[in-house]
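What follows is a set of notes on a single structure, which appears directly below.
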Amino acid sequence: MAFKLKEIMPWGRTFQEYVGMFALSEEDLTRPILGCGDDPASFNAELTRRGGTVVSVDPLYAFGADEISRRVDETFDIVMEQIRQNEDEFVWDPIRSVNELGKVRMAAMQDFLSDYPQGRADGRYLRGSAPDLNFADGSFGLALSSHFLFLYSDHLDGKFHIDTISELCRVCGETRIFPLLQLGATPSPHVEPVVEHFRAEGYEVMQVRVPYEFQRGGNQMLKIRKVENGTTRVNSK
């Protein structure tokens with residue numbers, strides 16, 4: 001599927017938000033990580049500076065830094081106005097206001113944009129979209145999917161979720177997905193069928209409370225790991 005930049009609303013989260021959303025330990029951060037649908041987040045830039053190994057995949061990365069920067073400028077006020085109109089759906093702690101959120105998000109996106117040209121050249125930012133990932137089996141230790149699966153449940157059906165998560169599990173030893181809510185801060189109808197499917201396929205599936213909540217009620221992630229011969233397989237290449 002061909003994506004047009006005018007169809008994308010770039011919105012980047014910080015390294016510390018990723019740590020909170022996915023309950024990432026210091027050990028987790030030493031594993032090779034795949035970010036699925038990272039958008040212009042600063043996680044890749046910051047983890048790379050810390051010496052970590054991470055590849056981010058997103059349709060956004062078909063475009064150059066100047067194009068993405070212009071699109072950020074075009075859409076920033078639109079996104080901010082949508083947040084103001086739905087302010088009651090969010091928890092304002094530790095970010096205390098819509099204006100502070102704007103500063104945090106813009107700083108994350110500027111960090112991404114500063115890192116993007118070199119990261120793109122290094123192969124850390126790759127154009128791609130779920131559910132087809134051009135990696136060998138077990139290429140990564142950990143997959144992180146932020147604000148993509150489950151969030152857009154009205155637009156992405158159950159089959160898409162299962163196909164995408166299956167692909168993430170193929171290339172990664174463990175997959176973590178956050179949040180488990182859809183837009184409007186209501187539970188996604190796809191969570192229970194996904195849990196049932198992957199448990200039936202022999203995976204360990206857990207809903208884990210995390211130390212992060214911005215969408216009200218959005219403080220859980222889904223963790224999926226393959227179990228073989230009574231033990232959990234965690235790829236730590």
TODO: Give just the number: which of (1) open to solvent by 20 Å² or more (accessible area, probe 1.4 Å); (2) in contact with a strand residue (DSSP E or B) (Cβ under 6 Å, 6 or more places away or on another chain); (3) of a type outside the set (V, I, T) does P117 not satisfy?
DONE: (2)
- [ ] Look through the stretch 125-155, keep the residues that are farther than 25 Å from S42 by Cβ and free of Cβ contacts under 8 Å to residues at least 40 places away in the same chain, and return whichever of them is surrounded by the most Cβ atoms within 10 Å (Cβ to Cβ).
- [x] S153
Open item on the list: Checking E26 against (1) within 30 Å of V208 (Cα to Cα); (2) open to solvent by less than 30 Å² (accessible area, probe 1.4 Å); (3) modelled with pLDDT of 95 or more, only one condition comes out false. Which one?
Closed with: (2)
Open item on the list: Need the failing condition index for V208 against (1) in a strand (DSSP E or B); (2) crowded, with 22+ Cβ neighbours inside 10 Å, just the number.
Closed with: (2)
Task: Within the stretch 92-109, tally of residues that are touching a residue at least 60 places away in the same chain (Cβ under 8 Å) and loosely packed, with under 15 Cβ neighbours inside 10 Å - done: 1
Task: Among the residues listed as F63, F22, the single one being touching a strand residue (DSSP E or B) at 6+ places or on another chain (Cβ under 7 Å), in contact (Cβ under 8 Å) with a residue 12 or more places away in the chain and of a type outside the set (S, T, N, Q) - done: F22
Task: Residues located in the stretch 53-85, provided they are closer than 23 Å to P32 by Cβ and surrounded by fewer than 19 Cβ atoms within 10 Å (Cβ to Cβ) - done: T53
Task: The one condition in (1) of a type in the set (D, E, K, R); (2) surrounded by 21 or more Cβ atoms within 10 Å (Cβ to Cβ); (3) not in a loop (DSSP other than H, G, I, E, B) that R13 fails to fulfil - done: (3)
TODO: Output the residues belonging to the stretch 178-197 that are farther than 15 Å from L149 by Cα and surrounded by 14 or more Cβ atoms within 10 Å (Cβ to Cβ).
DONE: H197
Open item on the list: Checking D122 against (1) modelled with pLDDT of 95 or more; (2) surrounded by 13 or more Cβ atoms within 10 Å (Cβ to Cβ); (3) touching a Ser or Thr at 6+ places or on another chain (Cβ under 9 Å): exactly one of these is not met. Which one?
Closed with: (2)
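The values are calculated or read from the model by the stated rules, or taken from the named source; none is laboratory data. On a predicted model such as this, the values are computed, not experimentally measured, just so you know. When we count neighbours, we look across all protein chains shown, and the Cβ atoms used for this are built from the backbone with ideal geometry, even at glycine. The accessibility values were calculated without ligands, DNA or RNA, using every heavy atom of the protein model including side chains. Shrake-Rupley method; radii C 1.70, N 1.55, O 1.52, S 1.80 Å.
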